[in-house]
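Taking it in order: structure first as structure tokens, then the write-up.
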Amino acid sequence: DLPKIRRNPLVEIIAINTGCLNQCTYCKTKHARGELGSYPPEEIVARAVQSFQEGVCEIWLTSEDTGAYGRDIGSSLPELLWQLVEVIPEGCRLRLGMTNPPYIMDHLDEMAKILNHDRVYSFLHVPVQAGSDAVLFDMKREYTISQFEELVNHLKSHVPGITIITDIICGFPTETDEDFQETMELVKRHNFPSLFINQFFPRPGTPAAKMKRIPTQIVKSRTRELSEYFQTVKPYEGREGKIYSVLVTETSHDGNYYVAHNEFYEQVLVPKLPELMGKMFKVRVVSTSKFSMIGELIDDSQVIRPSLADALQLGQVSGGGGKETPENSA
């Protein structure tokens, strides 16, 4: 367990496994990282405990595929999450990282219970990559669109308000116009609040790199059509007046607000008052935009620090007894 310096002293990022079980034809993760290697749950839990003792109020679990966690060590992602929930202080939160559809499908009921927990964000990033079964087959994604939609619909019905986001690759070599229209229809059915759109890129050494590519102008045209539709999706429209309990962990890119998130990991911009950083409180939404809401504090709202201690100073080494980097100690 090597010393580390957090980029954000309020957020701890914990890798839970490396490598992957998939053989996607466009991806080099397997070649670069190898087979799945899950870290022992007791080490992950110990890291979380130490983080909270150092003033962290939010932990993010990351890997190439969090849903595959534990399959190589006789465990599972839900088992790990239940252990972590037990050590998360009240008011602090856990955000789960990206999971591919195949492995999370085995645990839908248990995952719904966990994603409903008040110390876990009701949020999941599940890349679908294409809306056509034919393209998914050529990508070797190991699931069908009906299975992906079963996952989405199950979680939406069992985790009220859940945020589900996804990824799309435009212009995979075998994608026909009909395949792309199936992708458009999938996106229109679900109106994902966040959508990562990528143009196909032939990574050297991958099977997809040997396939005949679609003309660039067609790939650009499909990307533009999908992007233009996504811009019409307004997930926060009509939320004015809604009240949320939010947790502040960072400053907005323009420096004008603090960034908070509600229980669904939806972004709420709040006044930039120093006493609000790292705190939890209630806000009323006063305006909305494509990617965020703006909230004002409710007059009688308590401002609570959920963390167990003051956060480390920027540049302090975690577990280092207050040591700083040479740059910060100079």
Exercise for the section: Pull up the cross-link candidates among the lysines for LYS28, meaning alpha carbon to alpha carbon under 20 Å and not fewer than 8 places away within one chain. Expected result: LYS140, LYS210, LYS212
Practice task
Give a quick list of trypsin sites (Lys or Arg not before Pro) in the range 1-97 that DSSP marks as loop, anything other than H, G, I, E or B, with at most 10 other Cβ atoms within 10 Å.
Solution key: ARG7
Practice task
Give the span of the range 174-257's Cα atoms along each principal axis, as three whole-Å numbers ordered largest to smallest.
Solution key: 51, 28, 20
Fill in the blank from the handout: PRO102 neighbourhood, Cβ < 10 Å, K/R = +1, D/E = -1, net charge -2
Handout entry: Shape metrics for the range 190-234, restricted to C-alpha atoms - Rg then Dmax, Å
Key = 13.3, 39
Practice task
Just check the range 181-330 against the gyration tensor rule for me: Cα atoms, a ≥ b ≥ c as the square roots of the eigenvalues, rounded for a/c under 1.5, and otherwise prolate or oblate depending on whether a/b exceeds b/c.
Solution key: oblate
Practice task
Please list, in chain and number order, the residues 5+ apart from ASP167 or on another chain whose amide H is under 5 Å from its amide H, with Hs placed from the backbone.
Solution key: VAL128, GLN129, PHE196
Handout entry: Theoretical ellipticity at 222 nm over the chain - DSSP helices of four or more residues, -39500 (n - 2.57) apiece, nearest 500
Key = -8500 deg cm²/dmol
Exercise for the section: Let me know the Rg and Dmax you get for the range 23-139 when you use only its Cα atoms, in Å. Expected result: 15.4, 49
Practice task
Might you tell me the accessible area per residue for the chain, computed with a 1.4 Å probe and given in Å²?
Solution key: 48 Å²
Completion exercise
Count of lysine pairs, the range 219-330, Cα-Cα under 17 Å, sep. 8 or more residues or interchain, comes to 5
Handout entry: Gaussian network model of the chain, Cα within-10 Å springs - most flexible of ILE168, ILE298, ILE145
Key = ILE298
Practice task
Just flag the chymotrypsin sites (Phe, Trp or Tyr not before Pro) in the range 172-204 sitting in loop per DSSP whose Cβ has no more than 14 other Cβ atoms within 10 Å.
Solution key: none
Completion exercise
In Å, the Kirkwood estimate of hydrodynamic radius for the chain over Cα pairs equals 21.4 Å
Completion exercise
Loop-resident GluC sites (Glu not before Pro) in the range 204-247 with no more than 16 other Cβ atoms inside 10 Å, DSSP not H/G/I/E/B, are GLU237, GLU240
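The values are calculated or read from the model by the stated rules, or taken from the named source; none is laboratory data. Here the structure is a predicted model, which is why all the values come from computation and not from measurement. When we count neighbours, we look across all protein chains shown, and the Cβ atoms used for this are built from the backbone with ideal geometry, even at glycine. Side chains included, ligands, DNA and RNA excluded: accessible areas come from the protein's heavy atoms. Shrake-Rupley method; radii C 1.70, N 1.55, O 1.52, S 1.80 Å.
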